[in-house]
Amino acid sequence: MLSVDNITTFYGASQALFGMSLAAGKGEVVTLMGRNGMGKTTTVRSIIGFTPASSGTITFDGQRTESWPAYRVAQAGIGLVPEGRQIFPNLSVHENLFATSANRRNQPNEWTLDRIYELFPRLAERRTHMGNQISGGEQQMVAIGRALATNPKLLILDEATEGLAPLIQEEIWNVLETLRSQGLSILIIDKDVDALMRLADRHYFVQNGRVEWSGSTEELGQNPEVIETYLGI
């Protein structure tokens, strides 16, 4: 579904990625973990097209996308839940979801707004509230629903549960488990290692703009020192 092969990315003269490589298969849940500032969000930005890679290749669903603008990447089937949620504060919950609603590739089992409200009943109750009138957890639900409304083949979540109350975090993890059971491919960044190990198939640990360790959940469980090495303070 997604293959990132040896990409380098710069912010001006400052290099952020140094040969980043990862892959996510159809129906797989894959994590990207590492300390702050190690290149996780830059990797996402390069995949989406916000900060294009200067070398290397990105292939999505059989097409080379590293030179595409972000809108074309989104239209190809990548849905992003960005760090910080970034929903429209002056639009209602319903308008935020409606704004991105599309099924350009005629995906089966389409993500309609009604289906999103079934996934997030709390949003159905808040549908007329403005984006700046709902809680942070509800804003994250809107951000996930907004991405699903594009009917993506791959969902990318950058800091899926950061700053959310524990009960809301658990609700988000349950939703992601539901999406996984429905066969949606997911690439996720988060700091909750236990939750990620329950959810994901494979993991990538990033340091200084490159992958330093990768493996399955079973392999990670057998090598707990990896967590301390790349996430410990």
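Applying the criterion of being farther than 17 Å from ASP158 by Cα and assigned to a loop (DSSP other than H, G, I, E, B) to the residues of the range 8-31, the residue that is farthest from the chain's Cα centre (by Cα) is ALA13. Of the set (1) modelled with pLDDT of 95 or more; (2) of a type outside the set (Asp, Glu); (3) more than 18 Å from ALA24 (Cβ to Cβ); (4) not in a helix (DSSP H, G or I), all apply to HIS203 but (3).
Quick check on the range 32-41. Is at least one of its residues in a helix (DSSP H, G or I) and out of contact with any helix residue (DSSP H, G or I) (no Cβ under 9 Å at 6 or more places or on another chain)? There is at least one residue in the range 32-41 that is in a helix (DSSP H, G or I) and out of contact with any helix residue (DSSP H, G or I) (no Cβ under 9 Å at 6 or more places or on another chain). Residue under question is LEU167, and the condition is that it be of a type in the set (A, V, I, L, M), farther than 29 Å from LEU17 by Cα and over 15 Å from the mean Cα position of the chain (by Cα); does it hold? Yes; evaluated as a whole, the condition is true for this residue. Within the range 154-195, the set of residues being assigned to a loop (DSSP other than H, G, I, E, B), charged (D, E, K, R) and under 22 Å from SER216 (Cα atoms) comprises GLU159, ASP190, LYS191, ASP192. Within the range 84-104, the set of residues being assigned to a loop (DSSP other than H, G, I, E, B) and either of a type in the set (Phe, Trp, Tyr) or farther than 22 Å from ARG72 by Cβ (or both) comprises GLY84, ARG85, ILE87, PHE88, PRO89, ASN90, LEU91.
Going residue by residue through the range 62-72, is there one that turns out to be surrounded by 15 or more Cβ atoms within 10 Å (Cβ to Cβ), among the aromatic types (Phe, Trp, Tyr) and closer than 28 Å to GLU177 by Cβ? Within the range 62-72, not a single residue is surrounded by 15 or more Cβ atoms within 10 Å (Cβ to Cβ), among the aromatic types (Phe, Trp, Tyr) and closer than 28 Å to GLU177 by Cβ.
The values are calculated or read from the model by the stated rules, or taken from the named source; none is laboratory data. The structure displayed is predicted, hence computed values, not measured ones. Quick reminder, even Gly has a Cβ in these numbers, built from the backbone with ideal geometry, and neighbours come from all protein chains shown.
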